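Chemist: The structure that follows is given in the form of structure tokens.
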């Protein structure tokens with residue numbers, strides 16, 4: 001059984017739609033990264049101006065040391081918030097792309113399985129072994145895909161948990177030194 005022109009066009013259209021969806025997800029993530037970075041840079045600039053004004057107004061060395069110490073705490077908190085936001089954006093984009101790819105892989109797998117079922121009703125002589133081999137290969141590929149998908153999800157969850165743990169550790173150290 002050979003694919004018809006309509007099937008080829010439909011397959012190409014589905015693949016193109018997946019690529020467009022992933023491109024849109026990446027563009028949206030880039031837009032959020034850009035906005036976050038711009039806002040962080042703006043905030044850093046404003047904080048630097050305020051710090052410079054305060055330093056210029058310091059009356060003695062003790063006040064200068066106090067100003068520098070006081071400026072460090074908010075800077076650390078802002079850096080942590082920025083890092084956390086960057087990771088959140090990346091994780092969100094990764095989750096969205098995974099959903100798109102899982103849906104496409106499922107449709108593809110079901111389509112191939114359906115085509116094999118149709119072809120198995122009118123098998124050419126001696127094709128039983130080949131059909132069984134293709135079905136076995138599809139089952140193995142599906143198993144590998146599911147394993148990779150689970151590993152990807154676990155890696156995302158671990159990254160998220162590690163980041164939360166690191167942020168909590170920095171906050172606790174900061175409290176001890178304050």
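Chemist: Looking at residue 41, is it assigned to a helix (DSSP H, G or I), out of contact with any helix residue (DSSP H, G or I) (no Cβ under 6 Å at 6 or more places or on another chain) and either exposed (fewer than 14 other Cβ atoms within 10 Å of the Cβ) or modelled with pLDDT of 90 or more (or both)? Step through it out loud before you land on a result.
Modeler: Details: assigned to a helix (DSSP H, G or I): yes; out of contact with any helix residue (DSSP H, G or I) (no Cβ under 6 Å at 6 or more places or on another chain): yes; either exposed (fewer than 14 other Cβ atoms within 10 Å of the Cβ) or modelled with pLDDT of 90 or more (or both): yes.
Yes: the conditions hold for residue 41.
Chemist: Something else: From 29, 52, 72, which residue is surrounded by 15 or more Cβ atoms within 10 Å (Cβ to Cβ) and assigned to a helix (DSSP H, G or I)?
Modeler: Values: 52 fails: surrounded by 15 or more Cβ atoms within 10 Å (Cβ to Cβ); 72 fails: surrounded by 15 or more Cβ atoms within 10 Å (Cβ to Cβ).
The unique qualifying residue is 29.
Chemist: Of the conditions (1) surrounded by 11 or more Cβ atoms within 10 Å (Cβ to Cβ); (2) farther than 30 Å from residue 157 by Cβ, residue 84 satisfies every one except a single condition; which number is it?
Modeler: (2)
Chemist: Can you tell me which condition residue 42 does not meet? The list is (1) under 23 Å from the mean Cα position of the chain (by Cα); (2) under 23 Å from residue 88 (Cβ atoms), and all the others hold.
Modeler: Result: residue 42 passes all but (1).
Chemist: Conditions: (1) surrounded by 13 or more Cβ atoms within 10 Å (Cβ to Cβ); (2) under 30 Å from residue 19 (Cβ atoms); (3) at pLDDT 90 or above. Residue 35 meets all but one. Number of the miss?
Modeler: Checking residue 35 against (1) surrounded by 13 or more Cβ atoms within 10 Å (Cβ to Cβ); (2) under 30 Å from residue 19 (Cβ atoms); (3) at pLDDT 90 or above, the one that fails is (1).
Chemist: Something else now. For region 115-128, check the following and say yes or no: at least one residue is modelled with pLDDT of 70 or more, touching a helix residue (DSSP H, G or I) at 6+ places or on another chain (Cβ under 9 Å) and either under 25 Å from residue 21 (Cα atoms) or surrounded by 10 or more Cβ atoms within 10 Å (Cβ to Cβ) (or both). Show your work before the answer.
Modeler: Let us first name the residues in region 115-128 that are modelled with pLDDT of 70 or more, namely none.
No, the conditions are met nowhere in region 115-128.
Chemist: Filtering region 2-15 down to residues that are assigned to a helix (DSSP H, G or I) and more than 11 Å from residue 104 (Cα to Cα), which residue is farthest from the chain's Cα centre (by Cα)? Steps first, answer last, please.
Modeler: Here is the first cut: in region 2-15, the residues assigned to a helix (DSSP H, G or I) are 5-15.
Subset that is more than 11 Å from residue 104 (Cα to Cα): 5-10, 12-13.
Values: 5: 36, 6: 34, 7: 32, 8: 31, 9: 30, 10: 28, 12: 25, 13: 25 Å.
So, considering only residues that are assigned to a helix (DSSP H, G or I) and more than 11 Å from residue 104 (Cα to Cα), the one farthest from the chain's Cα centre (by Cα) is 5.
For every residue, the table says whether it meets (1) within 23 Å of residue 93 (Cβ to Cβ); (2) free of Cβ contacts under 8 Å to residues at least 40 places away in the same chain.
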position: 23; (1), (2): yes, yes
position: 26; (1), (2): yes, no
position: 29; (1), (2): yes, no
position: 61; (1), (2): no, yes
position: 64; (1), (2): no, yes
position: 73; (1), (2): no, no
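Chemist: Ok, one more. May I ask you to list the residues in region 71-103 that are over 25 Å from residue 34 (Cβ atoms) and out of contact with any helix residue (DSSP H, G or I) (no Cβ under 9 Å at 6 or more places or on another chain)? Write out each step before concluding.
Modeler: We begin by selecting, within region 71-103, every residue over 25 Å from residue 34 (Cβ atoms); these are 71-73, 102-103.
Answer for region 71-103, where residues must be over 25 Å from residue 34 (Cβ atoms) and out of contact with any helix residue (DSSP H, G or I) (no Cβ under 9 Å at 6 or more places or on another chain): just 72.
The values are calculated or read from the model by the stated rules, or taken from the named source; none is laboratory data. As the structure is a prediction and not an experimental result, all values here were calculated from the model. Don't worry about glycine lacking a Cβ; one is built from the backbone with ideal geometry, like all the others, and counts go over all protein chains shown.
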